[in-house]
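Notes for the one structure printed next.
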Number of protein chains: 2
Amino acid sequence: MSEKPVTSRRNLLGGALTAAGAVAAGGVGFGIAHATDSPSAGSDATKAKATAAKAASDQVPFFGAHQAGIATPAQDRLAFAAFDITSTDAQAVQVMLGTWAAAAAQMSKGLLIGPVENTPSAPPIDTGEAYGLGAANLTVTVGFGPSFFDDRFGLAKFRPAALADLPTLPGDGSIDPTRSGGDLCVQACADDPTVAFHVIRNFARLARGTAVMKWSQLGFGRTSSTSTEQQTERNLMGFKDGTRNIKAQSTPDLDDYVWVGEETDQSWMKGGSYLVARRIRMLVESWDTDYLTDQENVFGRYKTSGAPLGGKDEFDTPDLTAKDPQGQPVIPLNAHIRLAAPETNNGQKILRRGYSYTDGIDSTTGLLDAGLFFIAYQKDPRKQFVPIQTRLGQQDNLNEYIRHTSSALFAVPPGLTASGDWWGKSLFG
Amino acid sequence: MSEKPVTSRRNLLGGALTAAGAVAAGGVGFGIAHATDSPSAGSDATKAKATAAKAASDQVPFFGAHQAGIATPAQDRLAFAAFDITSTDAQAVQVMLGTWAAAAAQMSKGLLIGPVENTPSAPPIDTGEAYGLGAANLTVTVGFGPSFFDDRFGLAKFRPAALADLPTLPGDGSIDPTRSGGDLCVQACADDPTVAFHVIRNFARLARGTAVMKWSQLGFGRTSSTSTEQQTERNLMGFKDGTRNIKAQSTPDLDDYVWVGEETDQSWMKGGSYLVARRIRMLVESWDTDYLTDQENVFGRYKTSGAPLGGKDEFDTPDLTAKDPQGQPVIPLNAHIRLAAPETNNGQKILRRGYSYTDGIDSTTGLLDAGLFFIAYQKDPRKQFVPIQTRLGQQDNLNEYIRHTSSALFAVPPGLTASGDWWGKSLFG
């Protein structure tokens, strides 16, 4: 597909997006395509200190074969948002995506998306709240929902088969449509929550007139490690979560289960992945009254150590065949880790990047609205999330204590390799 | 007031709360008053590693003349909750407060409130999600709302005059009563949000049958420094917030404006303080379209440096008398920092400990529900918050861009000085 130069009708970007190196040279602007590679220049001591605080060691490269934020070691905090496109103009969508890409490249380096002090008689280009906080290992990951490929923008022919709408799954009765789906998603992960929030806020601002935020979710604590160098964190049920997760160090697993490869019907998705998000509320008040042994039988792991029942250490492979002296399975038949295990799912695995959340009190019940914002990446949800969750939704002992309250699916294209590129650029050729 | 031994009818605490040193010896339990001074003992490598990760250097002392979490250098994250008491039994309230105090002492040391693995046929005593995360400089600060002193518990005679109900203030039209007020409040601040959340969740659990959480608020990013050693952070409007805040290093300011002293009509409050909480939503979408100069005139500070208009450095004292060549005030008459300044308020100051929050999308408008969860401590709200906010609510240029959406006031008693003590213990004598 050829590149068609985009001319912004609103003078949003100048020529920035069509020229390689544009971000370094020009950046993103509202009317002024001018950003420097450092936060707005200034002379006072505070500014100098804030600038000096930035270190390259807290940066994750934005450009690459795959989008950052998938196999990247999971950062501590999450801000996630889904957007619906309100414009019917494909060019406006391109401008927005290009603007987002340029902004994401800047923010991934710990830079503002443009000067705070551009001109006195214009709004500041960057909203400023993350100024001086550094990159905090920020990653910005963008995906397209199934509805992105409806007939509005002529993109239906590019819809991947693997982006089939998720079927209604067992236990889906509590899904809230107002915080599900979306034309686009943005996953911002960072070790500082203000840095992550800054992304979705500025994306919403840059989208004005073209797209609106449909729903968003903050995750305050990482629950899945994606690197062998990370300790496994605990979810709000107090159990280690994601012990058997795919790790960044396992290239074969990433190739087999995460990155879209030659099998795809849509070549533009090669090197991409599919993101499933599920807001899983935990009925923590009920859970907290459950006996230790019951809790451990629900998960199939010991609470303190995280070892599988019958095992000794967290990373022991669960022995799904072990029986106790009475002939009963040591790991119950309906235990979460048995049903979610690759051994139970034709070998299938998914890469999880979940975060604990709380949104305060459920006003209808007075109970905490808290749980896990589950994010999983995979090569093909039809073969991975859907059958795994079908099994879990039917049989998992955990179902007594959880409710899936939102659901979303996105095609996450491969990484951008140069300034001036944006997600899905080739589709608009 | 004499101490009256409390006998728990529910075998919650054994004799733990009436004996000095009880926490170290016995701790908090549901039916089992047994906690050790380390997370539940175990032998596996993961447990050992988690335990070793705790360092005393990340601990703020729980016991002291004042409650921690006021003049303590502000931690990065906040979990705040208000509770309403549902029991009419004063003894049950004492048991709950005593249990909370024992639990807070444990958690402030980075310890569980009891073993995770107590007995197989009982619920775990600690919910476990913060296990292995250390103390993260946790502080737990507890206060009593005006309604705590109604006629339910015979405490009306102990209500301080300074705990007068807040009057309806200018701009209070958007206050949501469902997230305002409360009989009790708990402010949990820590450098790890899971550690902070763990407090309010476990307090809710320990309160069961006696009190219920009325509302809660997470703060994801600190906006007010309370120490000269901390950098001033930016609020979600991109401006440095709290530059002129009272700092922990200023003992005269703390004595003059924060700690309750001899002037109180209630001796039990000496060494305490009064907490005002206001959830201040920022209309960020509108704000982000405002010109730089307008934004700076609204605050009275330069956006990048944080210096007062006409000044050079952030900590320059604002010159409220300066005029420009046209004879107009350099810092506008309705600028936020002018109206909030001690010079404009008979010298009065307050100690602020605010946090940025977002609760996603406002479903009625599709706009971000984000802003500042304002917390302020002071000696007497009648002389400090009320007149200052009256002035701000009437005249502040910022009012165009903010809405106060919740309001609460609490009397925060002095610190606990020994195990077995609890907040307000003397009142029940």
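The values are calculated or read from the model by the stated rules, or taken from the named source; none is laboratory data. No experiment lies behind these values; they were computed from the predicted model shown. Here the Cβ is made from the backbone with ideal geometry for all residues, glycine too, and neighbour counts use every protein chain on show. Protein only, heavy atoms only, side chains kept; ligands, DNA and RNA dropped before computing areas. Shrake-Rupley method; radii C 1.70, N 1.55, O 1.52, S 1.80 Å.
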(request) Would you tell me the mean number of C-beta atoms belonging to other protein chains that fall within 10 Å of each C-beta in B:289-298, as a whole number? (result) 4
(message) To the nearest hundred square angstrom, how large is the accessible surface buried between A and B, total for both chains, probe 1.4 angstrom?
(response) 5200
(request) Using a Gaussian network model of chain A whose springs link C-alpha atoms within less than 10 Å, name the residue from A:335, A:136, A:104 with the highest mean-square fluctuation. (result) A:335
(request) Specify whether the C-alpha gyration tensor of the stretch B:346-429 places it in the rounded, prolate or oblate class, a ≥ b ≥ c being the square roots of the eigenvalues: rounded for a/c under 1.5, otherwise prolate if a/b is larger than b/c and oblate if not. (result) oblate
(message) Shape verdict for the stretch A:119-167, please, from the Cα gyration tensor: rounded (a/c under 1.5), prolate (a/b greater than b/c) or oblate.
(response) oblate
(message) Charges at C-beta only: +1 for Lys and Arg, -1 for Asp and Glu. How large is the resulting dipole of chain A about its Cα centre, in Debye rounded to 20?
(response) 820
(message) If I model a spin label at residue B:390 and residue A:317 as a point 7 Å from the Cα along the Cα→Cβ vector, what separation in nanometres do I get?
(response) 7.4
(request) Give the range of the longest stretch in chain B that excludes all GluC sites (Glu not before Pro) found in loop regions by DSSP and having at most 15 other beta-carbon atoms within 10 Å. (result) B:4-228
(request) Tally up the carbon and sulfur contribution to the accessible surface of the stretch B:129-270 as a whole percent, 1.4 Å probe, everything protein left in place. (result) 49
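Hey, with R₀ at 41 Å, roughly what FRET efficiency would residue A:121 and residue B:363 work out to, going by the Cβ-Cβ distance, to 0.05?
It comes to 0.75.
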(request) List the residues whose amide H sits under 5 Å from the amide H of residue A:405, counting only those 5 or more places along or on another chain, with H placed 1.01 Å from N in the peptide plane. (result) A:279, A:280, A:281
(message) Compute a Gaussian network model of chain B, connecting alpha carbons closer than 10 Å, and tell me which residue from B:90, B:122, B:101 fluctuates the most.
(response) B:122
(request) Distance check, please: which entries in A:157/A:383; B:240/B:312; A:214/B:214; A:247/A:323; A:247/A:379 exceed 20 angstrom between their Cα atoms? (result) A:157/A:383; A:214/B:214; A:247/A:323
(message) Per residue, how much accessible surface does chain A expose to a 1.4 Å probe? Answer in Å², no decimals.
(response) 35
(message) If I model a spin label as a point 7 Å beyond the Cα along the Cα-Cβ vector, how far apart are those points for residue A:286 and residue A:418 in nm?
(response) 5.6
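Need one number: convex hull volume per residue for the stretch B:151-202, Cα atoms only, in Å³.
Cα-based convex hull of the stretch B:151-202, divided per residue, equals 171 Å³.
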(request) Would you kindly derive the ³J(HN,Hα) couplings of the stretch B:169-178 from the backbone phi angles with the Karplus curve 6.51 cos²θ - 1.76 cosθ + 1.60 (θ = phi - 60°), listing them in order in whole Hz, with x for Gly and Pro? (result) 9, x, x, 7, x, 9, 5, 9, x, 6
(request) Please give the average number of partner chain Cβ atoms lying within 10 Å of the Cβ of each residue in A:116-128, rounded to a whole number. (result) 6
(request) Go ahead and run the numbers for FRET between residue A:152 and residue A:403, Cβ-Cβ distance against an R0 of 35 Å, rounding to 0.05. (result) 0.60
(request) List, in order, the whole-Hz ³J(HN,Hα) value for each residue of the stretch B:339-347 obtained from phi through the Karplus relation with A = 6.51, B = -1.76, C = 1.60 and θ = phi - 60°; use x for Gly and Pro. (result) 5, 8, 5, x, 4, 9, 10, 6, x
(message) Explain nothing, just the number: dipole magnitude of the stretch B:93-212 about its Cα centre with +1 on each Lys and Arg Cβ and -1 on each Asp and Glu Cβ, in debye rounded to the nearest 20.
(response) 280
(request) Would you be so kind as to list the residues of the stretch A:325-374 that have their accessible area lowered by at least 40 Å² in the full protein complex compared with their chain by itself (1.4 Å probe)? (result) A:358, A:361, A:368
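To the nearest 20 Debye, how big is the dipole of the stretch B:271-385 about its Cα centre, given +1 on the beta carbon of each Lys and Arg and -1 on that of each Asp and Glu?
So the dipole magnitude of the stretch B:271-385 works out to roughly 680 debye.
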(request) Ratio to report: Rg/Rh of the protein assembly as shown, with Cα atoms as the point set and Rh obtained by the Kirkwood method; give two decimals. (result) 0.97
(request) Using a Gaussian network model of chain A whose springs link C-alpha atoms within less than 10 Å, name the residue from A:195, A:140, A:95 with the highest mean-square fluctuation. (result) A:95
